[in-house]
Amino acid sequence: MNQRLSAFVRELYADGVTHDAAQPDRLLRRRNLEPASAELLGLTVRIAGARKVVEIGTANGYSTLWLADAVGDTGGHVVSLDTATNDEALANLASAEAAQPGLAERVEFRQEDGGSYLARLPDGSVDFLFLDAERVEYSNWWPHPVRVLRPGAVLAIDNVLSHADEVAPFLALLAREPALVSATISVGKGLHLAWHRDAAL
């Protein structure tokens, strides 16, 4: 991430914090990933060599920019989904593209339900899946969040400490999956990472 893009994402995060403090409707808040969590996600994408990255929960595209920057080092692509319109995310991606050319071609925004999208994907087709949407919905998407992961892929879930009760049923499902090695990281509002081992090994 060059200096211009780094400055832009810092401003974008600060604007989101200000916006959310003044917005009483939770569903209209941006609820951006904390910078430390975003940095960890970007590094994890690089370590995993992830090329097919799926993000569920676009908001204003803050975390999408971190993922798009990361896949620049892996030759990958990001699909970001949200049930809400993505006009703001598109505008922010255009501003980020001006700061660091090449980002926009790595991102596809889709307005649709994340669970329905995952259900249509082939087995083992995703290298990195990031869940940052309505947490109570994740269990309803089962088994697709794990089914779509290839061996060596990573599943990341945000807000697992700040909203532990909402995400607990989904984490319980993950804990019963022998192919997953998981840990909750005390960064930001709590980031849960699960690595899909190769069952043949």
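Here, each number is a calculation from the coordinates, and none is a lab measurement. On a predicted model such as this, the values are computed, not experimentally measured, just so you know. Note that we place each Cβ from the backbone using ideal geometry, even for glycine, and neighbour counts take in every protein chain shown.
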Pairing the Cα long axis of helix 3-22 with the longest principal axis of the chain, what angle in degrees results, from 0 to 90 and rounded to the nearest 10?
90
Rounded to one decimal in nm, the spacing of the 7 Å Cα→Cβ label points at T18 and R120 is 3.8
If you count the DSSP beta bridges with both ends in the chain, what percent of them are antiparallel, to the nearest 5?
35
Within a Gaussian network of the chain (alpha carbon springs, distance under 10 Å), most fluctuating of A156, A36, A179
A36
The chain, Gaussian network, Cα under 10 Å: of Q111, Q100, Q23, the residue fluctuating most is Q23
Can you list the residues of region 159-201 with backbone N under 12 Å from a point 7 Å past the Cα of S139, pointing along Cα to Cβ?
165-174
For the chain, size of Cβ-based charge dipole, Lys and Arg +1, Asp and Glu -1, in debye
460
Measuring from the longest principal axis of the C-alpha atoms of the chain, the long axis of helix 164-175 (C-alpha) lies at a number of degrees, nearest 10, equal to 40
Where labels lie 7 Å past Cα in the beta-carbon direction, separation of K189 and H163 in nm
0.6
Just check region 58-135 against the gyration tensor rule for me: Cα atoms, a ≥ b ≥ c as the square roots of the eigenvalues, rounded for a/c under 1.5, and otherwise prolate or oblate depending on whether a/b exceeds b/c.
oblate
Please check which bits of region 56-78 a label hung off E105 would reach, taking the label as a point 7 Å along Cα-to-C-beta and the cut-off as backbone N under 19 Å.
65-78
